[in-house]
Structure formats: C-alpha cells, structure tokens
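Student: This is the structure I want to talk about, given as structure tokens.
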Amino acid sequence: MQRLFPEHHLRRHLELPPLWTLTTLDAGGLDHPVQTVVPCVWESIPGLRAYKGRAAYENTFEAGGTLRFVFGGVSFRAQVYLDGEQIAGHYGAFTAFDAVAENVPHGIHTLRIVADNRYGEDSALHVENDYYSYGGVNRPVDVQQLGDAYLTDLSVRTRCEAGQWIADVQVTAHSLCDEDREISVFVSAGSAEHLFKAQHLPARGRLVLSASLPAQNVRPWSPESPQLCMARAVLLENGRPTDDLCDRFGYREVKVEGNRILLNGKPLVIKGFNRHETYADFGSAVPLQAMVHDIQLMKDMNANAVRTCHYPNDPRFLDLCDEMGMLVWEEVHARGLVEQQMLHPLFRPQTEQCAREMVAQHGNHPSIFIWGCLNECEDTTPAGAEIFRWNYDLLRRLDPSRPVTAALLDRRGSRVLADSDVDSLNLYPLWYHPTDPAVHVEKMTRWAAENGGAGKPVLISEIGAGGIYGNHDPAMPKWSEERQAEIVRRQIDAVLSHPACGGIFLWQFADTRVDESWAEKRPGCLNNKGVVDSYRRPKLAYAAVKQAFARY
Ligand code: ADA
C-alpha cells in the first residue's frame, strides 16, 4: 500500500508475492542472489552495507490485460522491466513514478526493478553529502488492473472566503482506447459534490477537470484537531462506474501576514525537528511502525512540526502527520550545493521533476504548511540567486496555496532574502562558532531584516549540536551528551523567546549515516546531532528539548 487508506474501491490491486529476489550486478556485490521484501534498501542486507552499484529486484506474478505499476520510490536511478522489456525509468529516490503495460497476455510475468546508487555525471541532486544515498526499492510497489480509461492526480486545495470554505478540486482522466469517447466524472470532497457530465475524452488522450466546490459544516484541520476528509473521483462510462481514485485532505488555510504564518487565521509557533527519512539498519526504507514511533517521540518532546530535510518524504509518513497532527515543512531535494553544482546541466531538469512530482503527489496533505527548496545552496552569487528565484517561482506556479522558503546557510551575504515568503536561517551558535545563542539570533534576525527580509516571518530552520550516544563526561566537552543538552537548551530559549522568530526546527531528530567523505567531521560516519541516536535511544538532549519546548 502506498498510503494509509485505500486509494481505490473500484480499481483492482494485484498482490505481488511478498518475497523478491535481489541480485547485485556490479563489483563489490554478492556472488549469489538473496531473498528480501520491498521496501528494502540493500544496505540492510548482510555484505551490502557499503555497496555502491546496481542491483535487480525481481518478482513473478500471475496477471493479464492492462496493468499499472506504481513505484513509491527507487534509490536513486531506476530502470524497470516487464518480461525483459523496459517499461519505465526514473531519477530520484524521493518521489513516485508509474508505468502502464497494455495487452499483457494472461499468465506468469516477471517484474524486474534495477536500482543504481552510484554517484555520477548524470546525477545533480544525489551527490556526496552529509547524508547517505541508499540503494534499492525504498518505498512500496503497487500493481493495479486498469480498464480502457483511468483517473490520476486528484488534487484538493482548500480556502476560506468570507467564512465560506471552498474546495478547489482537480482530476485527470486518461484514455487507453483508440476511439474518442464520452465520460462523466463524479467528485466529492468531504460533503461537497460535483458531477462533470458528458465530457469528451479524446482517444489515447487525457482530460483535466476542475471545479471549486463550496462546503458546509466544515471542521478545519489543525495539529491540535487533525480533522480529515476523503475526496473521491469516480469515472462513469455509459453511466456505469468503471474506475475511481481517493485521497485524503483537510480543510485548512495557510497565510503569511506580516511577520506571522497563520493557520486558519491563527499565528503558528513552530516547535519542530529536522528528520532524515532513515532508521538505523533499515536505512531509507523506514518501516511504518518506526515512522509512527518517530512521531510519538517528537510529540512526547512537545514538538508540533517536522522538516523533511532535505527531500520529499514517504506519503505514508505524511499521512501519519495529517492524522497525528504534526505540521510539515516539505522540501525539494537539494543540500549544500555550490554554484558549479547548481549550474550542472541536469540540475534544473532534475530539480523541476522532483518539485513537480512532490507537489502533484503530496499537495493534498493538510499537514504540509510550507514548501522548501535549495537547503544551504549558493545564494551569495548572481547565478546562485537567479536559481533561487527560479525555484521559488516554480513552486508558486505549482501550488499558490502555500508559502515558499529556503533554509539559508549561517553567514551573511545572501542575495535572496527578499524573494522568499518566509526568512529561514540555519544557525549553529555554540557549535560551529562560540557565539552566545541569544546574541547570534538577534544579530542574524536583524541582518535578515536589513537585507531584504524585513517584515516577514522568521523560522530558524536548523540549530543544534553534536552529542555521541553514551558519551558522558562531567567536564562537558564537545560531543558529550551533557554539552549537547546544554547547548540545545540555550539555543531553543534564544529562538523561541525572540520576538522576530515564529519557530524553530532543531537539527536533528535522530543520528543519521553520512557519506565516508564526511568522516573527518562525522564520528562513526554519523551526523551525531540527533537528540536520539539512529536506534531512537534518547540522549540527555531529549529531556532538555522536552522541557524547553514545554516552556513555549
Ligand atoms: C547544515 C545542513 C545539514 C547538516 C547540518 C550539520 O546546516 O543543512 O544537512 O549538514 O548543517 O550537521 O552541520
């Protein structure tokens, strides 16, 4: 299942056998196939912890007719074959892609997914970095049975006009038929309904239908009261329902007014964590229960928000944030790229693809209150700044209903503060420099206001300190849990007591694996700034954060 609720009541899902055969294809792999389930990244398989190469995941199943395959995430290049014939290819581990195979003769078929996690000239976003690009099928795979026409891209955006809630609904119908035909599509969004009657669907074409539906008796979504509604689109051919598509959403409205981010008209105070989508030995194929546990731990620390550093997350995690009441900053994949990397010929196409897929696939989640991009990328040069403006405009065109921002490096000289809807600053006082946090927050928020960011909300999108799990020392040297707890406590007080700041995202929730090239600065090849370690064992900072967040 790609989601935590059924996406279809009419469209048939085909269950694949649970076990897949994984075969490594390059040097450094295994000399024999192994059995595994998916999602699973190969770093969790004995002997493949540091394998950089290609591997094939194969499964056989019985089916026929028109089949649609949905791949939630393959890390980070994917080539997909059905009975040896390529049916799909994709770049990027963090967004889904699909493939449709028609006239498949009924019988036993082989699905083969070849994943590749080698860095290379054709990869502008997955590069050596302060996190690890795992290899394999990191999110679920679905097989569906289609008819001659089917629905995709059901999107719902909500707004409140003079007290009247409205759902702007859009859905796309696709034809797999060689004749033009007439269809109808019935949509519902909570209590609001609409019938698109007698629509012309061109042969082998598609039709995008949209309507703005006023809604009655709306209970808005908020983290304190995560009210959710179902949206559904039903395809009717000759009056007979032949396909459907469901998604969940919530009636809520995000606005930036002056230096405040408002949710349903009320100012937000963000108390959050940066969370990489990894879990100890499971890597980026995080089991569902571990996702739930992470949210339980963050809520136990009195947090109300999470930033999906530095890429789009598993839609099941976003479903949990919708349902358990966590606000989400979701961002397009990028971290710490210098100008030369941003000018890579594939940078823009790969960024645009990731942004389009992220917004199309995740835009209905009420928990997502802001879109981010270009974390700590080059923003002090004209070329860099131009790319920031390009990325902001892209996100605004894809979804005008949410503010956009970027987490800027802890330095002065940025040329892009005027262009975002929210000023977001990554600051590391008492860790990367000995400045008193209150002094530094004051200095940087003042600098932001004087350099194009005046009058806008300010989020401290990263702040934190390292602490190695189990490393205790009453002298509180750096890397001791005691020192980390002390630094984080002072950082949170400095940010949440500062009048210009609308919130904080601590760096980070849990320790995470990084590329070997970062080892000098990352003991154990881990980014040890988690308040829990990679197995979610709490450090002293856990209690410090819990108490500090309770104060605001
Ligand atoms: C940066 C970056 C994070 C991580 C962090 C750190 O701000 O955005 O990905 O590298 O610093 O640990 O230094």
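Student: Quick one: Debye curve from the alpha-carbon atoms of the range 428-552 only, equal weights, vacuum; give me log10 I(q)/I(0) at q = 0.18 Å⁻¹ to two decimals.
Tutor: Results for the range 428-552 at q = 0.18 Å⁻¹ read -0.94.
Student: What shape does the range 75-215 take by its C-alpha gyration tensor, where a ≥ b ≥ c are the square roots of the eigenvalues and a/c under 1.5 counts as rounded, a/b above b/c as prolate, and the rest as oblate?
Tutor: oblate
Student: Give a residue-ordered list of calculated ³J(HN,Hα) values for the range 338-345 (Karplus: 6.51 cos²θ - 1.76 cosθ + 1.60, θ = phi - 60°; whole Hz; x for Gly, Pro).
Tutor: Once θ is set to phi - 60°, the couplings for the range 338-345 become 7, 4, 4, 5, 6, 8, 4, x Hz.
Student: In addition: To the nearest Å, what is the center-to-center distance of the range 231-255 and the range 143-186, using C-alpha atoms only?
Tutor: Between the Cα centre of the range 231-255 and that of the range 143-186, the gap is 6 Å.
Student: For the chain, build the charge dipole from Cβ charges (+1 Lys, Arg; -1 Asp, Glu) around the Cα centre, then report which of TRP42, THR381, PHE282 sits farthest towards its positive end.
Tutor: Working it through, the farthest residue towards the positive pole turns out to be THR381.
Student: Cα axis of helix 347-362 to longest principal axis of the chain: angle in degrees, 0 to 90, nearest 10?
Tutor: Helix 347-362 and the main axis of the chain meet at about 70 degrees.
Student: For the range 539-552, just list the computed ³J(HN,Hα) in residue order, Karplus coefficients 6.51, -1.76 and 1.60, θ = phi - 60°, integers in Hz, with x standing in for Gly and Pro.
Tutor: After applying 6.51 cos²θ - 1.76 cosθ + 1.60, I find 9, 4, 4, 4, 5, 4, 5, 4, 5, 5, 5, 5, 6, 10 Hz.
Student: Once the piece of chain linking ASP180 and HIS9 is laid out straight, how much longer is it, given 0.36 nm per residue of separation minus the C-alpha distance between them?
Tutor: Gain on extension, ASP180 to HIS9, equals 59.0 nm.
Student: Next question. Taking the Cα atoms only, what angle lies between the long axis of helix 481-496 and the longest principal axis of the chain, rounded to 10 degrees?
Tutor: Here the helix axis deviates by roughly 80 degrees.
Student: Something else: Efficiency by 1/(1 + (r/R0)^6): what FRET value for ARG389 and ALA290, r their Cβ-Cβ distance, R0 = 56 Å, to the nearest 0.05?
Tutor: Rounded to the nearest 0.05, the efficiency is 0.90.
Student: Restricting things to alpha carbons, find the Rg to Rh ratio for the chain using the Kirkwood radius for Rh. Display every interim value, and only then the final one.
Tutor: On the way: Rg = 23.7 Å, Rh = 24.4 Å.
Checking Rg against Rh, the ratio lands at 0.97.
Student: Roughly how tilted is helix 288-300, in degrees to the nearest 10 and between 0 and 90, from the longest Cα axis of the chain?
Tutor: Here the helix axis deviates by roughly 40 degrees.
Student: Next question, about the same structure. Step through the residues of the range 37-47 one at a time and calculate ³J(HN,Hα) from phi using the Karplus curve (6.51 cos²θ - 1.76 cosθ + 1.60, θ = phi - 60°), rounding each to whole Hz and writing x for Gly and Pro.
Tutor: Once θ is set to phi - 60°, the couplings for the range 37-47 become 9, 10, x, 6, 9, 5, 5, 8, 9, x, x Hz.
Student: If you don't mind, another one. Given the convex hull over the Cα atoms of the range 245-330, what projected area results after averaging over all orientations, in nm²?
Tutor: 6.7 nm²
Student: Restricting things to Cα coordinates, could you compute the convex hull volume per residue of the range 96-174 in Å³?
Tutor: Values: hull volume 16.3 nm³, N = 79.
Residue-normalised Cα hull volume stands at 207 Å³.
Student: Under 11 Å from the Cβ of ARG232, count the other residues' Cβ atoms, weight Lys and Arg +1, Asp and Glu -1, and hand me the total.
Tutor: Every neighbour counted, the sum reads -3.
Student: Within a Cβ distance under 14 Å of GLU7, other residues only, what is the Lys/Arg minus Asp/Glu net charge?
Tutor: Computed value for this residue: 0.
Student: With the Cα gyration tensor of the range 336-446 in hand, give its eigenvalues times 5 under a square root as the equivalent ellipsoid semi-axes, listed largest first in whole angstrom.
Tutor: One finds semi-axes of 26, 18, 12 Å for the range 336-446.
Student: Using the charge dipole of the chain (Lys, Arg: +1 at Cβ; Asp, Glu: -1 at Cβ; taken about the Cα centre), state which of VAL488, PRO18, PRO315 has its Cα farthest towards the positive end.
Tutor: Final value for the positive-end residue is VAL488.
Student: Can you list residues from other chains, or at least 5 along the same chain, whose modelled amide H is less than 5 Å from the amide H of TRP165?
Tutor: Hits under the 5 Å cutoff: ALA215.
Student: Just order 42-50, 324-332 by mean Cβ neighbour count inside 10 Å, highest at the front, would you?
Tutor: On the way: 42-50: 16.8, 324-332: 24.4.
So the order, starting with the most tightly packed, is 324-332, 42-50.
Student: Let me ask you something else. Can you tell me what percent of all Cα-Cα pairs in the range 286-347 are more than 17 Å apart?
Tutor: Result for the distance tail: 48 percent.
Student: Which of the peptides 143-151, 15-23 is most tightly packed, and how do the rest follow, going by the mean number of other Cβ atoms within 10 Å of each residue? Can you show the working numbers first?
Tutor: On the way: 143-151: 19.8, 15-23: 15.0.
Order by mean packing, descending: 143-151, 15-23.
Student: Taking the C-alpha atoms of the range 151-211, how large are the radius of gyration and the largest Cα-Cα span, Dmax, in Å?
Tutor: 13.5, 46
Student: Would you mind getting the Kirkwood hydrodynamic radius of the range 38-133 from its Cα pairs, rounded to one decimal in Å?
Tutor: Computed over Cα pairs of the range 38-133, the Kirkwood hydrodynamic radius comes out at 14.5 Å.
Student: P(r) of the range 1-93 in 5 Å steps, Cα pairs, percent per bin?
Tutor: Percent of pairs per bin, in order: 3, 10, 20, 24, 20, 13, 6, 3, 1, 0.
Student: Further, regarding this structure: Suppose only helical runs count, i.e. DSSP H with n ≥ 4. What mean residue ellipticity at 222 nm does that imply for the chain under -39500 (n - 2.57) per run, divided by all residues and rounded to the nearest 500 deg cm²/dmol?
Tutor: Result for the chain: -5500 deg cm²/dmol, rounded to the nearest 500.
None of the figures in this text is laboratory data; all of them are computed from the coordinates on show. All values reported here derive from a predicted model rather than from experimental measurement. Reconstructed Cβ throughout: ideal geometry from the backbone, glycine too, with neighbour counts over all protein chains shown.
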